[in-house]
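The values are calculated or read from the model by the stated rules, or taken from the named source; none is laboratory data. Note that the coordinates shown come from a computational prediction; the quantities given were computed from them, not determined experimentally. Ideal geometry is used to build each Cβ from the backbone, glycine not excepted, and the neighbour counts take in all protein chains shown. Quick note on the areas: whole protein, heavy atoms, side chains included, nothing else; ligands and nucleic acids left out. Shrake-Rupley method; radii C 1.70, N 1.55, O 1.52, S 1.80 Å.
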Amino acid sequence: MGRSRRTLPEELLLLALDPATGTTAQPQSLDLGLAGAQLVELALAGRIAPDGDRIAVVVPRPTGDPTLDCALELLRRRGAPVRAVHWIGGPRLGLRQTYLSHLERCGMVHAVAGQMCGVLPTTRYQATDTEISREIRARLDSAIRTGVPPDPRTAALAALAHAVGLGKHLYPGNEGRSSRSRLRDLIRHDPMGGLVAHAVMDVQNGVAAQPRRSPASAGRQGGPGGRGAAEPARGVPAQPRRGSMARAVAH
């Protein structure tokens, strides 16, 4: 895989990065979203494929991206297809920091050291090229505004953004309600993105042990996951309660 294109985890992280504060929106659920975005990126690269609600490695050849290849190797070592919820719900310590550091090396963000309450050291990340973030956002806006089915990459990005709760960050307030609804609806345009987005929400809602219904039947029950994910009762998915995910890197 060449580096001419930004990967989905990188794009999701740039979407979540607040240009004013240098912090990431929805930091806990974002960790899950990054793990899910890796799966979608590997699928787009032809390395893995969905097998029901499981993920199967179909081409173990490295992509050339070290972080993606680490995930691919871990999947390969499983020896059998793994349920998406189990993969996404596994420990992912340091994944967000790994991608923040990568974006810093690429010159897309720069780290700003600071202190919390004048004592605790903190690191914030400011975008150095806001044009990149605007381009990513414009793709979502175009898909929402025009109603034209987006390409699989943009559809997957929209599904992941909805799954981790970025809707209210990207389209805040009552005026953003219809855009948030359309963002949620874009989930249907990419099967792999939909599978992963549902898995992300299942992990957050603590239902990873239950069998996954098909996206079609779930959609008939009022949005992703069929568990009241639409607005306003559909709201932003609950935050994960796993202690390992509670550590915010870019607070």
Self-check item: the stretch 20-34, subset hydrophobic (A, V, I, L, M, F, W, C) and out of contact with any Pro (no Cβ under 7 Å at 6 or more places or on another chain), residue most open to solvent (accessible area, probe 1.4 Å)
Solution: Ala20
Quiz prompt | Exclusive hit being surrounded by 12 or more Cβ atoms within 10 Å (Cβ to Cβ) and in contact with a Phe, Trp or Tyr (Cβ under 8 Å, 6 or more places away or on another chain), set Ala143, Ala111 | solution = Ala111
Quiz item: So which of Ala250, Ala208, Ala229 is within 23 Å of Leu42 (Cα to Cα), open to solvent by less than 40 Å² (accessible area, probe 1.4 Å) and at pLDDT below 95?
Solution: Ala208
Exercise. Name the strands (runs of 3 or more DSSP E) wholly inside the stretch 48-165 in which the number of residues that are at pLDDT below 90, over 15 Å from Ala37 (Cα atoms) and out of contact with any Cys (no Cβ under 6 Å at 6 or more places or on another chain) is 1 or more.
Key: 109-116, 120-127
